[in-house]
1. Scan 141, 104 and give me the residue that is exposed (fewer than 15 other Cβ atoms within 10 Å of the Cβ) and either at pLDDT below 75 or of a type outside the set (Asp, Glu) (or both).
2. For residues in region 382-441 being closer than 29 Å to residue 329 by Cβ and among the acidic types (Asp, Glu), which is modelled with the highest pLDDT?
3. Pick out the one residue from 368, 339, 347, 373 that is under 21 Å from residue 435 (Cβ atoms) and not polar (S, T, N, Q).
4. Of the residues 91, 174, only one is closer than 30 Å to residue 12 by Cα and either in contact with a helix residue (DSSP H, G or I) (Cβ under 9 Å, 6 or more places away or on another chain) or at pLDDT below 75 (or both); which?
5. Which one is surrounded by the fewest Cβ atoms within 10 Å (Cβ to Cβ) among residues in region 312-329 that are farther than 11 Å from residue 353 by Cβ and of a type in the set (Ser, Thr, Tyr)?
6. Restrict the check to region 214-226 and report whether at least one residue is at pLDDT below 75, part of a helix (DSSP H, G or I), farther than 30 Å from residue 167 by Cβ and among the β-branched types (Val, Ile, Thr).
7. Which condition does residue 347 not pass, out of (1) at pLDDT below 90; (2) touching a helix residue (DSSP H, G or I) at 6+ places or on another chain (Cβ under 8 Å), if it passes all the others?
8. Scan region 134-163 residue by residue and report those that are within 16 Å of residue 211 (Cα to Cα) and in a loop (DSSP other than H, G, I, E, B).
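The values are calculated or read from the model by the stated rules, or taken from the named source; none is laboratory data. Owing to the predicted nature of the structure, the values given are computational and were not obtained by experimental measurement. Because the Cβ atoms are built from the backbone with ideal geometry, glycine has one as well, and the counts that use them run over all protein chains shown.
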Amino acid sequence: MSYKHFYFAILLRLAIIVTLAASATFLFFEHQAYYLATLTLLAMGGAIFNVINYFNNINRWISLFLLGIENEDSTLKVPSNTGSKAIDNVYKGIESLNEIFKQAKIDINAQEYYFSTVINQSSTGLFSINEKGRVMHVNPAAIKLTNLNQYHHVNILNKIDSVLPEFLLKAYQYPNQKSAIFENKYGQKLLFKLSEIESKNKKVRLVAVSDITKELDNGEVEAWIKLARTLSHEIMNNIAPITTLSQVISGYFTTDNKMINVEDVDYKIILNTVKGLKVIEEQSVSLMSFVENYRKFTKLPKPQFSDVNLSSLMESNLLAANAFVGFDTIKIEKSIPEKILVSTDEKLLSHVIINLFKNACEALVLGKTKNPKLIIKLRQTENTISIEIANNGPSIPPEIKEQIFIPFYTTKEEGSGVGLSLSKQIMLKMGGDVLLYTNKAELTLFVVTLSF
């Protein structure tokens, strides 16, 4: 075995100490040779010191090796020839471990360089921040998009949007809100995505930022195309019957492109004419209603801001919602603080809240939900206020979620498709938003956010 010399050296030293101890005892008690006994004891002390020094030499180098690992220092030089084969074998073991550590360090550095190169060449901006918001690492793409640099604080990002630093620092208020879009002064629309990792018992937040202006512009074009299709579809649905009936009614009073005689007009013609005109009237009213909804959507009034007690506003709107059919059968669970003041347009915000109450009521009543429930919460953070309106009605399919805020998109037979899109436009105009979530309890959750 490689350490047999080490074991032999230990046993030899222990044997010498035991022999010297026995000799000193024999000389002292049997022969009263006090001088020789003293010399023997001194020799035993030297042997004990030799053993201690023997272990200390090894321990010192092991300690240096471990300290080098802790400080990532692999420059330890181990003696190659101490005159003791046993110690030399131990030192060779330390040297082998040091070489392994040195190679591992080289491999780790190479891997770090590789990943650093990949990150720095990435077109997606990446940066990490600690719990206090200090930037720890940042790649060139992130610097270009955000003007962040290493050791900056994320508060500098308030130049892009005053809400952005809070979004990056605060814990996720909603499970699936780990991304958000903010627009910088150059008109770029930046998508920020968050993730958290544990590093040395510390939470580090990794942020990916990318410019999605082109993608959003393409999306807006697509939305306008969908809107144009919807408009043409709705208008044609209303005009087609009017045109057809007009031709039919005209046919009652003409023959071969000539007016019929008055005496040829009978009761049946008059009756059919009245019925036809009634249908034309209904279709015209429907078309006018559609145009009026479009006018509302495209010509929103300018918000008139004033200080509003949001708590009182919510209670008033809940009272007004009792006018909806079936609303009194819904169990209301609410968490509304006594008083929250916010600067907003009371009428426009009420329109949004009432519309969300109406939609929730229709989902619960028409969906014939057992034990229908409406959960209302009012939350306030440092920079934002959120109104949560959740119901336990039928869940919204994913394909509908993507289109639910598109103007004139509706799944209801008598719906206009204006309510949610109009509500979203109102909130955006007031510096807020309307968002749709599905939480862990499988509730359909609409969140109205307000900035202040």
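1. Working: 141 fails: exposed (fewer than 15 other Cβ atoms within 10 Å of the Cβ).
Result of the check over 141, 104: 104.
2. This residue is 388.
3. Details: 368 fails: under 21 Å from residue 435 (Cβ atoms); 339 fails: under 21 Å from residue 435 (Cβ atoms); 347 fails: under 21 Å from residue 435 (Cβ atoms).
Just a single option satisfies the conditions, and that option is 373.
4. Details: 174 fails: closer than 30 Å to residue 12 by Cα.
Every option except 91 fails the conditions.
5. Result: 329.
6. Restricting attention to region 214-226, the residues satisfying the condition of being at pLDDT below 75 are 214-226.
With part of a helix (DSSP H, G or I) added as a condition, the list becomes 214-226.
Within this subset, residues satisfying the condition of being farther than 30 Å from residue 167 by Cβ are 225.
Still in the running and among the β-branched types (Val, Ile, Thr): 225.
Yes.
7. If we test residue 347 against (1) at pLDDT below 90; (2) touching a helix residue (DSSP H, G or I) at 6+ places or on another chain (Cβ under 8 Å), just (2) comes out false.
8. 139, 147, 148, 160, 161
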